[in-house]
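What follows is one structure encoded as structure tokens, with my remarks underneath.
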Amino acid sequence: MANHSACQNDASKACGSGQKAMEERLEAFSLDNKNTQETTTTGVKVDNRNTLKAGCQGPSLMQDFAFQDKIMHFDHERIPERVVHARGVGAHGYFEAYKDWSDLTAADFLRNPGKKTPVFVRFSTVLGSRGSPDTVRDVRGFATRFYTDEGLFDLVGNVIAPFFVHDAIKFPDIIHSGKPHPSTEVPQAGTAHDTAYDFFGSFPETIHTVLWALSGRGIAKSLRQVDGFGVHTFRLINEQGKSIFVKFHWKPLQGLSNLLWDEAQKIGGKNIDFHRQDLYTAIAKGDYPEYELGVQIIKEEDANKYPYLLDPTKLVPESLVPVTPLGKMTLNRNVENFFAETEQVAFCVSRIVRGIGFTNDSLLQGRLFSYPDTQINRMNSVNNMQLPINRPINGVHNNQRDGYMQTNIHKGDVSYFPNHLGGNAPAIAEENQGGYIEYPEKIEPGATKIREQVSTVDDHYSQAQLYWNSLTVYEKQQTVDGLRFEVGKSVDLGVRKRMIDVLNHVDNGLARRVAAGVNVPLPDKVTDNSGHTTVGLSIEERPHPPHIKTKTVAILTAPGTNVKDAKAIYDFLKKEGAYVEYVGPALGDQEGLEITQTYTTTSSVLFDAVYVPDGSEAIKKLTTKQSTFPYGEPLVFVMDAFRHCKPIGASGAGVELLKLAKVEGGEKDGVFIGEQSSGLLEGFKHALIKQRYWTRMALDPPM
Ligand code: HDE
């Protein structure tokens, strides 16, 4: 039986702190059926293989408590999915500060280098429902909970730096426009439809974020390779009460990457759990993803240099304010139970710890209300914070009582303050006694209550230009292709025209390129592009780590493959930390090679690179149309890898397959050809580090 008592109320007393304590606490709630007998929820042992009936074929009896117990629980197994961010994946880990940041903040988890603060992270897509594919084009959530010794800090961010709208009151509008049409519930999990572009085209403050989502940022390749952003400006407050403004950033130490749209769509069909599996696999194999937490620091006295500081549709360019790394998060443990942990975790922007504070960003202010509110809808109780995944690690003491599913048994008759009967416990925590520090921010003198937006929001286009200008030519092409797809899915000509008009205010070239693909007249120039650029926005320009750990490689084989040649490349890549698989016509042993994927179970979109070893008999089988490969699957495998700019290699007779798949180019184009695989090892490794050979991508002719 699980021991629920140890950490129920005062976890700090019972369990200490740190990741081990967090694990022990969750473990205390875990249940294992090993070596037990079936019971009802009341603990009565039962045989519930058959319902209780009056005779074998007779009517079922109302008194069958075992049946009722089982079915009733089943009937209630689902809770409402999140209204946004329903699809997600979670992992546990820890955070460690690089040094003592007491000069910036009073937050304990940032002041103790070497101290491991447990974290739980949930990545999510926004629009799709719980069972939607991972690789849809969407903004992705990057929500992190720090279980600090001073309470929970939830940094509920996104993988995209700005947000579509600046005022929380517009959130239902933008989400309704992006969700499936209410009439048909079509399309699922994406913005490629009329209502979304009707909203974007009618509300141009969205355009900056739309461009991020339509670039590679909207189709992450791996959740281990995404940036995270707090989006809003927050405050840090130190023990002396001094405050600075900060923007939070997560930067993955695995580098950045994105899918191509064609690839993303194909993966959506081949493996809808692509991102989940990628994260689970890396953690299970001990290749722990790491993300650096950093802040852009803006001194209070410098705030007026950035008039858009509290406008979340804008970012603070890193060329003006670089990111200061504060510490590192490592994700090192998969969840034990998806529902109990990933589904029931209740992130709230309002969960904040001393040393961190909010600002007057009206999007942030609105979120402070929305999250606790929606959690009560999902979990049906204000006591959702008593769930194991939601409990703070340092214990909870207050006079809150009762409510649905109360699991604490509070002692005594005193549930008010002040009280003499209970010795005035729990005592008030003043700011200088570890209490939360309220920053005494000055209010604008003479301010009046008003429903109006601040003027910086009116500038919809300069940061959209900054983003567009900071992309490489290949990233621009991907964005144009994305827009042609999405705007092209809008049936209404007016919607398409308004969207082209918005794009034209960003950049005439961009608008004309998209217009040409969606049957809208090419617009004349209405505005000059400032030409400004900044750093840190391009995915392509972000350096890659100098190793190939976790890179996935398919080795294409058939009976007759030169085993020595295949093993040489397989063993080398595996030793370097890549995840390598032999693909063959059938699973299992094939002349000494262990085939783990077939040409039916997998496809090149699920790999980072493809290699075809020597073996003329095998190549004949792979390239001849026959009952095993009626649609030329091995050739399509290689053609797709070529189209998606991935490294391709072949040795000996394997080169013939590349020729038939019309793979052209040499090493500078990511195509590695030789007599034996052993001569290509280092080159292929470096190609995998580089990831993509964008020069293979077809660019628009000048227009
Ligand atoms: Fe959220 N958002 N949001 N959001 N959001 C939710 O809370 C909301 C916004 C983000 O993995 C909901 O528990 C409003 C920005 C993430 O569990 C809900 C506004 C950012 C997650 C909600 C925003 C986010 C959510 C739905 C406009 C990036 C998933 C379920 C003011 C900084 C957390 C839930 C998880 C989830 C409301 C805008 C990120 C309805 C009203 C900006 C990562 O409360």
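For region 606-703, applying the loop criterion from DSSP together with a ceiling of 14 other beta carbons within 10 Å to the trypsin sites (Lys or Arg not before Pro) yields Lys625, Lys662. Under the rule a/c < 1.5 gives rounded, and otherwise a/b versus b/c splits prolate from oblate, where does region 436-571 land using the Cα gyration tensor? It comes out oblate by the Cα gyration axes. Look at the dipole of region 486-576 built from charges on Cβ: of Thr550, Gly560, Ile500, the Cα furthest out on the positive end belongs to Gly560. Summing charges over neighbours of Ser102, with a neighbour being any other residue whose Cβ is under 9 Å away from its Cβ, gives -2 when K and R count +1 and D and E count -1.
A cut-off under 13 angstrom between Cβ atoms defines the neighbours of Met697, and their net charge, with Lys, Arg +1 and Asp, Glu -1, is -2.
Rounded to the nearest Hz, the phi-derived 3J(HN,Hα) couplings of region 305-312 under the Karplus curve 6.51 cos²θ - 1.76 cosθ + 1.60 (θ = phi - 60°) are 6, 10, x, 8, 4, 9, 10, x, where x marks glycine and proline. Measuring nothing but how far apart in sequence close Cα pairs (under 8 Å, 6+ apart) lie, relative to its length, the chain scores a relative contact order of 12 percent.
The mean accessible area for residues of the chain, using a 1.4 Å probe and ignoring ligands and nucleic acids, is 46 Å² per residue.
Shown is the FRET efficiency for Asp458 and Gln400, computed with R0 = 45 Å from the Cβ-Cβ distance and rounded to the nearest 0.05: 0.55.
Mean residue ellipticity, 222 nm, helices only, the chain: the sum of -39500 (n - 2.57) across DSSP H runs of n ≥ 4, divided by residue count and rounded to 500, is -8000 deg cm²/dmol. Taking a ≥ b ≥ c as the square roots of the eigenvalues of the alpha carbon gyration tensor, the chain is oblate, as a/c is not under 1.5 and a/b does not beat b/c.
Report note on the peptides 489-497, 118-126: ranked by the mean count of other C-beta atoms within 10 Å, highest first, their order is 118-126, 489-497. Taken about its Cα centre, region 585-679 carries a charge dipole of about 380 debye when Lys and Arg each add +1 at the Cβ and Asp and Glu each add -1 at the Cβ. Most tightly packed first, judged by the mean number of other beta-carbon atoms within 10 Å of their residues, the peptides 133-141, 441-449, 423-431, 301-309 read 133-141, 301-309, 423-431, 441-449.
Once backbone amide H atoms are built at 1.01 Å from N, Thr313 has Phe163 as its partners under 5 Å, excluding neighbours fewer than 5 places away on the same chain. The magnitude of the dipole of the chain, with charges of +1 and -1 set on the Cβ of Lys/Arg and Asp/Glu and taken from the Cα centre, is near 640 debye.
Over the chain, what is the percentage of antiparallel beta bridges among all DSSP beta bridges, to the nearest 5? Taking every DSSP beta bridge within the chain, about 75 percent pair in antiparallel fashion.
Across the accessible surface of the chain, with the other protein chains kept in place and a 1.4 Å probe, carbon and sulfur atoms take up 54 percent.
Scoring 318-325, 44-51, 386-393, 235-242 by mean Cβ neighbours within 10 Å over their residues and listing the highest first yields 386-393, 235-242, 318-325, 44-51. Magnitude of the charge dipole for region 213-265, about its Cα centre and with charges confined to Cβ atoms of Lys, Arg (+1) and Asp, Glu (-1), is about 220 debye.
The values are calculated or read from the model by the stated rules, or taken from the named source; none is laboratory data. Since we're looking at a predicted model, the values are computed, not measured. Cβ atoms come from the backbone with ideal geometry, glycine included; neighbour counts cover every protein chain shown. All accessible areas refer to the heavy atoms of the entire protein, side chains included, with ligands and DNA or RNA removed. Shrake-Rupley method; radii C 1.70, N 1.55, O 1.52, S 1.80 Å.
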